[in-house]
């Protein structure tokens, strides 16, 4: 069954090295751009589209009993730009799910960061920043399929308002140290996914621009 980390670890060629800067763009959706983003389907197709919302172009996602995502391979130097920034919103919640179980491993919105394990592919690790429907904000738990190789962190929970933009900022290097006990210097990919394939439900979300910053 699917988790982005388990697919990404099998498809990494040599990654492009990101040039250090105070702001490093990863997802330039507001510029109507999807260059560098690749698609991966696990079951069915979540529909991703660049569309105008609230006067700006964003990436929308609509999932109907489907699980597919977009990922971008790019080496990010966390010593230079450790902070991951993005905005997102969801249109509905997936009710009645145990998000710590395989049957409930669905989310209206996820943003992943991945560190590949190289030839030791089993050492690939990921953090899933999720908009949870049934789990309290700030909760952390291992992914139901990947175990402690992919840690889930609920940045938003059932208390968050629907159709309201939320701005996120995470120190990825600090989060990896907290969740894995490792002081990593870089990551290899960023991914997003809106998925409902395990529960057979429906979810809609929108993602704004994604970038890394020095502070």
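Just so you know, all these numbers are worked out from the coordinates, no wet-lab data involved. None of the values given here were measured: they were computed from a predicted structure. Neighbour counts are summed over all protein chains in view; Cβ atoms, including those assigned to glycine, are modelled from backbone coordinates with ideal geometry.
Compute the relative contact order of the range 71-200 as a whole-number percentage, counting only Cα pairs closer than 8 Å that sit 6 or more residues apart in sequence.
39
Below 8 Å between Cα atoms, with a sequence gap of 6+, how large is the relative contact order for the range 86-147 in percent?
About 35 percent, as a whole number.
Taking springs between alpha-carbon atoms closer than 10 angstrom, which of 81, 57, 178 fluctuates most in the Gaussian network model of the chain?
Residue with maximal mean-square fluctuation among 81, 57, 178: 178.
Fewest first, what order do 73, 99 take by the number of other Cβ atoms within 10 Å?
73, 99
Rounded, prolate or oblate, given the Cα gyration tensor of the range 145-215, with a/c below 1.5 counting as rounded?
oblate
Stretched out fully, how many nm does the piece from residue 159 to residue 75 gain, at 0.36 nm a residue minus the Cα gap?
Extending this stretch completely gives an extra 26.8 nm.
For the range 156-215 and the range 32-84, write down the distance between their C-alpha centroids in whole Å.
Each part's Cα centre sits 11 Å from the other's.
Label the range 18-72 by shape, choosing from rounded, prolate and oblate, from the square roots a ≥ b ≥ c of the eigenvalues of the Cα gyration tensor; if a/c is under 1.5 it is rounded, and otherwise prolate applies when a/b is larger than b/c, oblate when it is not.
Oblate shape, in that a/c is at least 1.5 and b/c is the bigger or equal ratio.
Which of rounded, prolate, oblate describes the range 81-178, given a ≥ b ≥ c as roots of the alpha-carbon gyration tensor eigenvalues and a/c under 1.5 marking rounded, otherwise prolate only if a/b is larger than b/c?
It comes out oblate by the Cα gyration axes.
Using only DSSP helix segments of four residues or longer, with each worth -39500 (n - 2.57), what per-residue ellipticity at 222 nm results for the chain after dividing by its residue count and rounding to 500?
Calculated mean residue ellipticity at 222 nm is -1500 deg cm²/dmol.
From Cα coordinates alone, what are the radius of gyration and Dmax values for the chain in angstrom?
Reported Rg and Dmax, both Å: 15.7, 45.
Applying 1/(1 + (r/R0)^6) with R0 = 30 Å to the Cβ-Cβ distance of residue 100 and residue 50, what FRET efficiency is obtained, to the nearest 0.05?
Result of the calculation: an efficiency of 0.35.
For residue 134 and residue 30 in one chain, what is 0.36 nm times their gap in residues minus the Cα-Cα distance, to one decimal in nm?
Between residue 134 and residue 30, full extension yields an extra 34.4 nm.
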